[in-house]
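Peer 1: To start, I am sharing the structure in question, which I have written as structure tokens.
The values are calculated or read from the model by the stated rules, or taken from the named source; none is laboratory data. Remember, it's a predicted structure, so these values are computed and weren't measured experimentally. Cβ placement follows ideal geometry from the backbone for every residue including glycine, while neighbour counts extend to all protein chains displayed.
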Amino acid sequence: MKILNYTIASLLAVSLLSCKKDGKMNETEKDSVVAKKDSAAVPEIYKEYYGIYTGDFAGKEMITSEDGEQYEDFVNKKISLKINRITKDSVYGQSIVSGNQRPFRGVFNESTKSLVLDEPGNDKTDGRFEIKLSGDSITGKWNAFNKTAVKSPLKTIKLSKKEFVYNPNFMLDKDSDLVDWSNPKDFVEKYTDEETGKTESYTTSKNRVASEAIFKINASKQKLTEKELKNLRKIDLEIIKNSVFARHGYSFKKETYRYFFEQTDWYIPVSNNVDKELSPMEKDNAALLNRFIKYAEDKYDSFGR
């Protein structure tokens, strides 16, 4: 009798759990593509498409100009899509953009070489990729599930396949723009009229400027000293430190760092956590740089845009 009661109770528990699970699936995935469940025996196909595709992720956003006016313009970010597995029924991988790494799952149309890939939907920035493969290129679009949660709910995608390789010799290009455009600071300055002698105050917006030290100091190859760092600007120290993380494929959330490293052709964002990849020397250098960053100052200048 006890065995019978236990069996009935177990069946009821499984039934209730199944109902709850089904209810959740219907609620969260009713508007998304749901890839069929694969078994361990399902063979993988099109392995030649596996890998990292990186490039432009562009959409229209409202921009505020220096004089306070707002206008709509295209904002381009760098995104990487990692295709890890393709079967007859499913595609698995990850998207990495602006420090946000999200898994995706979807379906692959063999005849058109097109994919529909859905991020989980439990983050406000999740959405659907509708893309097409052509050799080593991907083109298409991304639509946010929550249209009001992101600045640009529709983005175009243009990617090329690249192999990520860590190279301690990677440095910023010497023709890179040295201005941090994303963090202007207001300063009060004075102007004296030569004829009247009257002095007036006005507010001007200035931007941080890096020095050429960022092209010379490599924290992945040399043990840094306090003497080398003591006279550097804060932004110099930040870029030298984050060059270490960029070489390991770290996806930066901060726009300043994305701007500097996306000027190169070697930077490929592949992860939002690369701490375990750093060498002991890189870790020591990053700790030393953090000490100096805490108290360093910046040089600001005025620039037209």
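Quick grid of which residues meet (1) in a loop (DSSP other than H, G, I, E, B); (2) in contact with a strand residue (DSSP E or B) (Cβ under 8 Å, 6 or more places away or on another chain); (3) not polar (S, T, N, Q):
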{"residue": "Leu159", "(1), (2), (3)": "no, yes, yes"}
{"residue": "Asn167", "(1), (2), (3)": "yes, no, no"}
{"residue": "Trp181", "(1), (2), (3)": "no, yes, yes"}
{"residue": "Gly197", "(1), (2), (3)": "yes, no, yes"}
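Peer 1: Identify the single condition in (1) among the hydroxyl-bearing types (Ser, Thr, Tyr); (2) closer than 30 Å to Asp186 by Cα; (3) under 18 Å from the mean Cα position of the chain (by Cα) that Tyr71 does not satisfy, given that it satisfies every other one.
Peer 2: Going through (1) among the hydroxyl-bearing types (Ser, Thr, Tyr); (2) closer than 30 Å to Asp186 by Cα; (3) under 18 Å from the mean Cα position of the chain (by Cα) one by one, Tyr71 breaks only (3).
Peer 1: Of the numbered conditions (1) buried (at least 17 other Cβ atoms within 10 Å of the Cβ); (2) under 25 Å from Glu61 (Cβ atoms), Thr148 fails exactly one; give the number of that condition.
Peer 2: With (1) buried (at least 17 other Cβ atoms within 10 Å of the Cβ); (2) under 25 Å from Glu61 (Cβ atoms) applied to Thr148, the lone miss is (1).
Peer 1: Under 20 Å from Asp236 (Cα atoms), modelled with pLDDT under 95 and surrounded by 13 or more Cβ atoms within 10 Å (Cβ to Cβ): is that true of Pro184 in this structure? So that I can check it myself, show each step before the final result.
Peer 2: Details: under 20 Å from Asp236 (Cα atoms): yes; modelled with pLDDT under 95: yes; surrounded by 13 or more Cβ atoms within 10 Å (Cβ to Cβ): yes.
It is true that Pro184 is under 20 Å from Asp236 (Cα atoms), modelled with pLDDT under 95 and surrounded by 13 or more Cβ atoms within 10 Å (Cβ to Cβ).
Peer 1: Of the residues that make up the stretch 47-62, is at least one of a type in the set (A, V, I, L, M, F, W, C), surrounded by fewer than 13 Cβ atoms within 10 Å (Cβ to Cβ) and either in a strand (DSSP E or B) or free of Cβ contacts under 8 Å to residues at least 40 places away in the same chain (or both)?
Peer 2: Let us first name the residues in the stretch 47-62 that are of a type in the set (A, V, I, L, M, F, W, C), namely 52, 57-58, 62.
When the remaining residues are screened for being surrounded by fewer than 13 Cβ atoms within 10 Å (Cβ to Cβ), the result is 62.
Now narrow it down to the ones that are either in a strand (DSSP E or B) or free of Cβ contacts under 8 Å to residues at least 40 places away in the same chain (or both): 62.
The answer is yes; a qualifying residue exists.
Peer 1: Here's something else I'd like to know. Starting from residues that are closer than 19 Å to Ala149 by Cα and touching a Gly at 6+ places or on another chain (Cβ under 9 Å), keep the ones in the stretch 105-134 and report whichever is surrounded by the most Cβ atoms within 10 Å (Cβ to Cβ).
Peer 2: At the first step, the residues of the stretch 105-134 found to be closer than 19 Å to Ala149 by Cα are 118-129.
Add one more test, that the residue is touching a Gly at 6+ places or on another chain (Cβ under 9 Å), and what stays is 118-119, 121, 127-129.
Details: Asp118: 21, Glu119: 23, Gly121: 16, Gly127: 27, Arg128: 20, Phe129: 23.
So the residue we want is Gly127.
Peer 1: Okay, next question. Could you list all residues from the stretch 283-305 that are part of a helix (DSSP H, G or I), crowded, with 18+ Cβ neighbours inside 10 Å and small (Gly, Ala, Ser)?
Peer 2: Ala286
Peer 1: Filter the stretch 219-247 for residues that are under 13 Å from Lys283 (Cα atoms) and surrounded by fewer than 19 Cβ atoms within 10 Å (Cβ to Cβ) and give the result.
Peer 2: Within the stretch 219-247, Lys221, Gln222, Lys223 meet the criteria.
Peer 1: For the stretch 87-113, how many residues meet the condition of being over 21 Å from Phe252 (Cβ atoms), under 21 Å from the mean Cα position of the chain (by Cα) and not in a strand (DSSP E or B)?
Peer 2: Residues that pass the stated criteria total 0.
Peer 1: Could you grab the pairs with beta carbons closer than 8 Å, sequence gap of 6+ or different chains, first residue in the stretch 177-205 and at negative phi and in contact (Cβ under 8 Å) with a residue 24 or more places away in the chain, second one part of a loop (DSSP other than H, G, I, E, B) and polar (S, T, N, Q)?
Peer 2: Correct list of pairs: Asp177/Gln263; Leu178/Ser211; Thr204/Ser302; Ser205/Ser302.
Peer 1: Please indicate, with yes or no, whether at least one residue in the stretch 253-261 is crowded, with 21+ Cβ neighbours inside 10 Å, within 19 Å of Asp173 (Cα to Cα) and over 15 Å from the mean Cα position of the chain (by Cα).
Peer 2: Just the residues of the stretch 253-261 that are crowded, with 21+ Cβ neighbours inside 10 Å, to begin with: 257-258, 260-261.
Then drop every residue that is not within 19 Å of Asp173 (Cα to Cα), which leaves 257-258, 260-261.
Those still in the list that are over 15 Å from the mean Cα position of the chain (by Cα) too: none.
So far as the stretch 253-261 goes, no, none of its residues is crowded, with 21+ Cβ neighbours inside 10 Å, within 19 Å of Asp173 (Cα to Cα) and over 15 Å from the mean Cα position of the chain (by Cα).
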